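Okay, structure first, notes after.
The values are calculated or read from the model by the stated rules, or taken from the named source; none is laboratory data. If you're wondering where the values come from, they're calculated on a predicted model, not measured in any experiment. Cβ coordinates were reconstructed from backbone atoms using ideal geometry, including for glycine residues, and neighbour counts include every protein chain displayed.
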Amino acid sequence: MIISGYETKEKIYESNKTIIYRAIRNRDGKILALKILNEENLSKETIARFKYEYEIQKSVFTEGIVQAFDFEKYNNRYAIAMEYFNGSSLQQYDFKNLDIESILKIFISVAEILNRIHEMNIIHKDINPSNILYNSQTKEVKIIDFGISTKLTIEKNQAILNPNLLEGTLSYISPEQTRRMNRPIDYRTDYYSLGVSLYETLTKQKPFPNTGDALEIIHCHIAKEPMPPHEIDSSIPVTLSNITLKLMSKNAEDRYQTLLGLIYDLQKCLEQFLTLHKIEAFEIGANDKLSKFRIPQKLYGREKEIQILLDSFKRISEGNTEIMLVSGFSGIGKSVLINEIQKPIVEKRGYFITGKYDQFQRNIPYSAIIDAFRGLIRQILAESSVYLNLWKEKLLDALGKNGQVIVDVIPELESILGKQEEVPRLSPNESQNRFNFVFQNFVRVFASEEHPIVIFIDDLQWIDSASLQLIHLLITNPENRFLFFIGAYRDNEVDDTHPLKLALEKLKKDSVSIREIQLNNLDFRNVNQLVADSLNSDTNLTEELSELVYSKTAGNPFFVNELLKLLFHKKLLYFAHSLQKWNWDIQKINAIGISDSVVSLMTSKMEELPKDTLAILKLASCIGTVFDLKTLSIVSESSKLQISTSLWEALQQGFIYPLDDSYKFIQDMEEVNPGYKFAHDRIQQSAYLLIPEEEKTTIHLKIGRLMLEHLSTNEQKRKENHSQYQLV
């Protein structure tokens, strides 16, 4: 292997993607490791990802990390020149030669290194025995491979992916990293992976067997409890077994909250083992004091509603079709509740697809339903060629000569079906009838006993009449089975004359049973529990603070969370290190005059953003809940790199989140077009309200003109085809 400036020696490691050589750098004779991409015809994305790995690894300059020195390119070869460490991965040890003492020392070191990584605001996201190096002679430990790491302190859950495309190593991945938990990813995802690694090192087996079925492994991570290590091997101390299981808790709040707390417990185990030759029982987690501010991810006060959803899914997985409507004010937690249905869906190998209507794009028919099925097709496109051919046969059989009708609105489908015949142009009414007929056939391909399907459509208060008609047909057609339609809407924005209400009345007249859940604000008890959990305190100590929070928010979960974040941001909630607990001053909190309006609160938070960031968010709010870098670049007449840089602070503060990880590569890959989404409608609304009223029309006109200029021929054609389905 020839890389200019280096003399490559023996091969250290090889995978499908990379080869690592020991090498000598010619200019100074220094022994290094060269990690080289082991692929031909490298895509720009592959190169950009490799460069990103180098940049992250280089920025983490601390003991216990294999340091990266240079990013080399020679002809068509790309390599990371890094520190040579004479050690093997824990995976290569096969765990056979490691006793309890060695395991404790190794994992204390790993926890210390990982703690330093987290202090630099980097989440590794791929902790596993292959990425932990150990030198049995020097007892040194190193962590490697930052290829999927993130600099975001919180990664909002992105779209559901085919398991083949998930980031991370499937056997060690945390429940939230599977994208099936509707929980954001933070530093505690590494704790779960660390727990699985410790489990395997102790027991010499993985907690969940690798059957080769990715969905089965995902279901185990999110729903099944592993056998305690001490029950597999009686020589494993029960306390160490409990520490391992605590790290592997399904909910991040139930894991260790700090690595210092974990290190304390592991060191206590080591001290006992060295002095007593055994580890006695003690209370684990007693020194786990959380100084980072984290609002719990779990739901409060929704047990009854969750059970209603689960019961409905059980019925549809047996062959029924149901419609469920969840109503409540904005921020009440409708979407969070509905996403709790993910666990049984994975178990039944079902599909959960989502779409959302936009308050500023009400003139586009079927938009949310089509977005949901575009997501489904993207999942299927990641299947093997064998499965793709099976889907192709089923789809062609169901669609016949009308495949182009669906391809016009779901262009990704052409990658499965191939080029389709053009369909005759019809009048708007006839086109809509044809679309409705063909789309039902399309849906029936996926809704089956093998794959029950849940369609979740959010913000039905902004739905169009064409979509309502299509939903009516899907629900009332007796041929449609294994189909669960869940809709969410703000009931305070839907009166008796609203098209949604009229459509529901029509369904009832057709003897359709509509199940409804109305979500109310949290009561004081639940708000107090949320506040206490956020501050790692007892509920009797947080009552006064919770009363203030409750009076300002009326128990609206979104507003409660945002108010707590604001108090922390203004340092009115703070961790007193001398006392090792969270403190607050009620008088000072009362004195700042907190608004009773969610929008006003969000607006005041946004106004503290850098000017360039706020300016871009305003423009983005005019585009919609979802927007992309290319569109923003066009309407702001700035480069994508400039826009990406301006958005970073909004990403870090959680106002928006990326739809995929392409945002990481914009500096090295100009052609990527990252998508983003406002974290909540109220955030988009707050940004929009910051635009002076007299400027809004001008901005919308400018956006429209610039976008029209940049529409490609294919996009224009698709828009024309799509417009046929609007009602006359």
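Values computed for the structure shown
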quantity	calculated
Single residue of Ile3, Ile36 found to be among the aliphatic types (A, V, I, L, M) and over 30 Å from His118 (Cα atoms)	Ile3
Filter result for Val443 (part of a helix (DSSP H, G or I) and of a type in the set (Val, Ile, Thr))	yes
Selected residue [within 29 Å of Asp661 (Cα to Cα), without any contact (Cβ under 8 Å) to a residue 60 or more places away in the chain and out of contact with any Pro (no Cβ under 7 Å at 6 or more places or on another chain)] from Lys206, Lys246	Lys206
Close pairs from segment 401-427: first on the phi > 0 side of the Ramachandran plot, partner surrounded by 13 or more Cβ atoms within 10 Å (Cβ to Cβ), Cβ under 8 Å, at least 6 apart	Gly418/Lys392
Residues of segment 76-91 classified as within 19 Å of Leu34 (Cβ to Cβ) and either touching a helix residue (DSSP H, G or I) at 6+ places or on another chain (Cβ under 7 Å) or without any contact (Cβ under 8 Å) to a residue 60 or more places away in the chain (or both), total	10
Residue count for segment 680-728, restricted to those that are basic (Lys, Arg) and either assigned by TED's automatic domain parsing to the domain that holds Leu659 or modelled with pLDDT under 70 (or both)	4
Set Phe484, Phe446: member being closer than 17 Å to Met324 by Cα, in contact with a strand residue (DSSP E or B) (Cβ under 7 Å, 6 or more places away or on another chain) and at pLDDT 90 or above	Phe484
Test: residue in segment 531-538 that is loosely packed, with under 14 Cβ neighbours inside 10 Å, over 19 Å from Ile353 (Cβ atoms) and not assigned by TED's automatic domain parsing to the domain that holds Leu325	yes
Sole exception among (1) closer than 20 Å to Ile364 by Cα; (2) touching a Lys or Arg at 6+ places or on another chain (Cβ under 8 Å) for Ala503, by number	(2)
Residue that is among the charged types (D, E, K, R), more than 30 Å from Leu299 (Cα to Cα) and crowded, with 20+ Cβ neighbours inside 10 Å, where the choices are Asp397, Asp408	Asp408
Filter result (touching a strand residue (DSSP E or B) at 6+ places or on another chain (Cβ under 9 Å), in a helix (DSSP H, G or I) and hydrophobic (A, V, I, L, M, F, W, C)) within segment 487-508	Leu500, Leu504, Leu507
Filter result for Ile284 (crowded, with 18+ Cβ neighbours inside 10 Å, of a type in the set (Val, Ile, Thr) and not assigned by TED's automatic domain parsing to the domain that holds Tyr489)	yes
Number of the condition not met by Ser511 [criteria: (1) among the small types (Gly, Ala, Ser); (2) assigned to a loop (DSSP other than H, G, I, E, B); (3) farther than 18 Å from Leu474 by Cβ]	(3)
Single condition Leu573 does not satisfy, out of (1) buried (at least 21 other Cβ atoms within 10 Å of the Cβ); (2) in contact with a Gly (Cβ under 8 Å, 6 or more places away or on another chain)	(2)
Subset tally (residues that are over 25 Å from Lys334 (Cα atoms) and either of a type in the set (S, T, N, Q) or surrounded by 15 or more Cβ atoms within 10 Å (Cβ to Cβ) (or both)) for segment 544-566	1
Some residue of segment 333-354 being of a type in the set (Asp, Glu) and either touching a Leu at 6+ places or on another chain (Cβ under 8 Å) or under 30 Å from Gln461 (Cβ atoms) (or both)	yes
Close pairs from segment 26-49: first at pLDDT 90 or above, partner charged (D, E, K, R), Cβ under 6 Å, at least 6 apart	Leu32/Arg25
Those residues of segment 543-583 which are free of Cβ contacts under 8 Å to residues at least 40 places away in the same chain and touching a strand residue (DSSP E or B) at 6+ places or on another chain (Cβ under 9 Å), in sequence order	Leu567, Leu572, Tyr574, Ala576, Asn583
Residues satisfying the stated conditions in segment 358-411, i.e. aromatic (Phe, Trp, Tyr) and either closer than 19 Å to Phe439 by Cα or at pLDDT 90 or above (or both)	Tyr366, Phe373, Trp391
Index of the failed condition, Asp99 passing every other in (1) closer than 30 Å to Glu271 by Cβ; (2) under 33 Å from the mean Cα position of the chain (by Cα)	(2)
Subset of segment 232-278 [in contact with a helix residue (DSSP H, G or I) (Cβ under 6 Å, 6 or more places away or on another chain), part of a loop (DSSP other than H, G, I, E, B) and either outside the structural domain of Ile217 (by TED's automatic domain parsing) or under 29 Å from Gln342 (Cβ atoms) (or both)]	Met248, Arg255, Tyr256
Single match in Leu161, Leu198 (criterion: farther than 27 Å from Lys565 by Cβ, touching a helix residue (DSSP H, G or I) at 6+ places or on another chain (Cβ under 8 Å) and part of a helix (DSSP H, G or I))	Leu198
Any pair with Cβ under 6 angstrom, 6 or more apart, that starts in segment 121-133 at a residue that is closer than 13 Å to Glu200 by Cβ and in the same structural domain as Tyr187 (by TED's automatic domain parsing) and ends at one that is polar (S, T, N, Q) and assigned to a loop (DSSP other than H, G, I, E, B)	Asn128/Thr169
